[in-house]
Amino acid sequence: MNSVATQRRRRPTWFRVWTFLLLFAVIVVGALLFWQLGAEGTLPVRTALFAGLGVLGFFALITWLVSIVRYRSPLGGLGSLLVIAVLGVAVWQNVPERAGWRVSVNTLEGRAESCEAPGPDRTRLGVYTFRFVGPKHGGCFFYLDAESQESYGFARFPDGQPSADTEVAGAPAIEYSSWYNGWYKFTEVG
């Protein structure tokens, strides 16, 4: 015998459409954020996407709570929250960054062989946008197109990381961190 209080109420069409549209928006914003993180996108765009995903997450939580309380359906509206949770775990595990690298590494390897500068304009190699590519300190440097004051990017040293004595007096110091088979991430400091 089911009492009226424990019976599940049918979710109205407008609620199901809202849930679907919310899920669609979360997937689109999540995919754009994944791309921006993988392509080392600009900070304002990443910030806007994180904020948008936060707002959508708030709406998803409210929708899920309404689905539980009003319609007694714990699965209604849960999809959006699950997509956000999966994206959060992926970001925490650096999946977008590694995926961007895997997609781009062959193109970067090819350019590092000749290490010729692309010219005065920005260039896209793989998923990354670079403002400058050229030889420096015995390696090939790929400067990411960044809006910050720091210069950073990837450097390819086929013979290993350069020693500190290759630094030029008066030029900014460069900090390296090992990245992948002769590739290093670098940041110019100072």
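Tabulated data
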{"read-out": "Amide H contacts of residue 136 (H built 1.01 Å from N, under 5 Å, at least 5 apart or other chain)", "value": "141"}
{"read-out": "Cβ charges +1 (Lys, Arg) and -1 (Asp, Glu), total dipole of segment 62-149, debye", "value": "440"}
{"read-out": "Farthest positive-ward along segment 22-123 dipole, Cα basis, beta-carbon charges - from 31, 74, 55", "value": "74"}
{"read-out": "Percent accessible area from carbon and sulfur atoms, the chain, protein chains only, probe 1.4 Å", "value": "62"}
{"read-out": "Packing rank of 172-182, 129-139, where each peptide gets the mean count of other beta carbons within 10 Å, highest leading", "value": "129-139, 172-182"}
{"read-out": "Long-range amide H partners of residue 174 with built H, under 5 Å", "value": "189"}
{"read-out": "Which label in (i) 8, 28, 24, 16, 12, 8, 4, 1, 0; (ii) 9, 34, 30, 17, 8, 2, 0; (iii) 8, 28, 24, 19, 15, 6, 0 gives the computed P(r) over Cα pairs in 10 Å bins from 0, in percent", "value": "(i)"}
{"read-out": "Residue-by-residue Karplus 3J(HN,Hα) for segment 69-84, coefficients 6.51, -1.76, 1.60, Hz, glycine and proline x", "value": "6, 7, 10, 6, 10, x, 8, x, x, 6, x, 4, 5, 5, 4, 5"}
{"read-out": "For the chain: accessible area per residue (Å², 1.4 Å)", "value": "60"}
{"read-out": "Helix axis angle, 95-114 relative to the chain longest principal axis, alpha carbon, degrees", "value": "20"}
{"read-out": "Phi-based couplings in Hz for segment 22-34 (Karplus 6.51, -1.76, 1.60; Gly and Pro marked x)", "value": "5, 4, 4, 5, 5, 5, 5, 5, x, 5, 5, 5, 4"}
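The values are calculated or read from the model by the stated rules, or taken from the named source; none is laboratory data. No experiment lies behind these values; they were computed from the predicted model shown. For neighbour counting, all protein chains shown are included, and Cβ atoms are generated from backbone atoms with ideal geometry for every residue, glycine included. Surface accessibility is based on the protein's heavy atoms, side chains included, excluding ligands, DNA and RNA. Shrake-Rupley method; radii C 1.70, N 1.55, O 1.52, S 1.80 Å.
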